[in-house]
1. Only residues that are more than 23 Å from the chain's Cα centre (by Cα) and open to solvent by 30 Å² or more (accessible area, probe 1.4 Å): list them for the range 3-43, please.
2. Can you name every one of the helices (runs of 4 or more DSSP H) wholly within the range 1-100 that holds 1 or more residues which are touching a residue at least 40 places away in the same chain (Cβ under 8 Å), under 19 Å from SER277 (Cα atoms) and charged (D, E, K, R)?
3. Condition test on PHE132, is it open to solvent by less than 30 Å² (accessible area, probe 1.4 Å), closer than 28 Å to ALA230 by Cβ, not in a helix (DSSP H, G or I) and not aliphatic (A, V, I, L, M)?
4. Filter the range 248-269 down to the residues that are aliphatic (A, V, I, L, M) and within 14 Å of the chain's Cα centre (by Cα), then identify the one that is farthest from ALA117 (Cα to Cα).
5. In the list LEU239, LEU307, LEU319, which residue meets the criterion of being touching a residue at least 12 places away in the same chain (Cβ under 8 Å), closer than 22 Å to ASP116 by Cβ and of a type outside the set (Gly, Ala, Ser)?
6. On the basis of being buried (at least 17 other Cβ atoms within 10 Å of the Cβ) and at pLDDT below 95, does GLY263 make the cut?
7. Select from the range 115-125 the residues that are in contact with a Pro (Cβ under 9 Å, 6 or more places away or on another chain) and part of a loop (DSSP other than H, G, I, E, B) and write down the one among them that is most open to solvent (accessible area, probe 1.4 Å).
Amino acid sequence: MIGVLGATGDVGRHAAGFLERLGIGPVRAGGSATADFRDPASLDRFASGCEVLVNCAGPAHAIGDNVAEAARRAGAHYVDASGDTTVDVHNGRTALLSAGLQPGLTALLPRWLARDAEVRTLKVWLGVSDLFSRSAAEDYLHAAATGHGEALAAWRGERRSKALTREAGVTLPFFPEPVTLLPYLAPESERLARALRVTHGDWYTVLSGEHVGRAFDRVHGLGRDEAVAALCRASRLDLAGREPRVVLIAEADGRTAVLQAKGNGAVTGAVVALAVSALERGEVPPGSWFAGDVLNPQSLVDGLSGLGVADTRVFDLPLSRLVLEEEGAL
C-alpha cells in the first residue's frame, strides 16, 4: 500500500495518477478531510498498513516532520515532495526528501548532464509559468523570511554573498519573451556544488511574467495573508491565456541540457512517483537522503520522458551560443 497525503492537491493528484500508471500500489489517497497533519492519531490511522507514506501536502514548513514521524511509527518508508531537512529513520527504512521539481530535479538534471564527474563551471536556470497555490506561496514567504538560501549569492568554491545582480530584459532561448533573472543560492545548490567540486556556480530563477516579479518586490512589506493573496493573484494574471510550463536549463563546462515540462504539478508529481519506484526497486539504501543526491539521474530523465511529462535535449554548446545561433537563424 502506498499512502499519498495531499492527493487532492495538484502535486498529490498527479503523483497518485503516475503511481498507478507505473503499476505501483495500491494507492491510498488522502486529503485534509482524510488525515490532518496536526493530529498524530489521524496520521497514524492513515499510515497504518502502508509500505510507503508519501507527503505531497503543504505548506511544507507548517507540516515539518509530522508526516515523517507518522511513517516511522507505522514502519513505512517515507517520500516527501519537498522537505530539506533530514529525518530520523529506524529498522532499515528509508526517507527520501526533496523529491520534487525544486529541490530535486534541479539537482538531478545537472548531475545527469555532468555524469557525476567533476565540473569547473555550472549554471542553472529555472523558469516556472504556473499558478501559485496558497501552500506554495506560504512556503515561498517562509523561506524568504527565514533565510533559507540567499538571494544574489553564488558559488565560488564556497558561498559568495552578493556575487551576482538581478537582470531584467534578458533574452534566453526557450523563453518566448524577455525575462528577469533572480540569482539565488539554495542549500541544494551548495550540496551539488560540493559533490561535483564546482569552482564557479550560478543559479537563477527566471521570471517571464511582469506580475509575479512585481509581487516578489512588494510582498515582504505586506501581512502574511495579503502577501499570499498577492502572489496567487499575480500568478493567475501572468498565466492568463497560457498553458503551464516549466523550463529547466543546466550548463556544465560548455554543454547545455534543456528540460521542458508541462507544469509544476505534473513534473513534481512525476518525480515523486519515480522516486517511489526507485525505492520499491531497492535502488535507495536505508537511511535519510535527499533525492537530488541519491536517485539515478538517467533513470529519472528517462522516466519523465516515458510518462510523457518532459522532453530533454542536450547541446554541445553553452547557452550563450544557443542565443546567438537562434538570433542568427531569425
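1. Hits for the range 3-43 are GLY23, GLY25, PRO26, ARG28, ALA33, THR34, ASP36, ARG38, ASP39, PRO40, ALA41.
2. 10-21
3. Answer is no for this residue.
4. The extreme case among them is ALA266.
5. Selected residue: LEU319, the only one of LEU239, LEU307, LEU319 that is touching a residue at least 12 places away in the same chain (Cβ under 8 Å), closer than 22 Å to ASP116 by Cβ and of a type outside the set (Gly, Ala, Ser).
6. The answer is yes for GLY263.
7. Looking at residues that are in contact with a Pro (Cβ under 9 Å, 6 or more places away or on another chain) and part of a loop (DSSP other than H, G, I, E, B), I get ARG115.
This table checks each residue for (1) farther than 20 Å from PHE315 by Cβ; (2) without any contact (Cβ under 8 Å) to a residue 24 or more places away in the chain.
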residue: ALA117; (1), (2): no, no
residue: PHE132; (1), (2): yes, no
residue: LEU185; (1), (2): yes, no
residue: ARG194; (1), (2): yes, yes
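The values are calculated or read from the model by the stated rules, or taken from the named source; none is laboratory data. Just so we're clear, the structure is a prediction, and the values are computed from it rather than from any experiment. For neighbour counting, all protein chains shown are included, and Cβ atoms are generated from backbone atoms with ideal geometry for every residue, glycine included. The accessibility values were calculated without ligands, DNA or RNA, using every heavy atom of the protein model including side chains. Shrake-Rupley method; radii C 1.70, N 1.55, O 1.52, S 1.80 Å.
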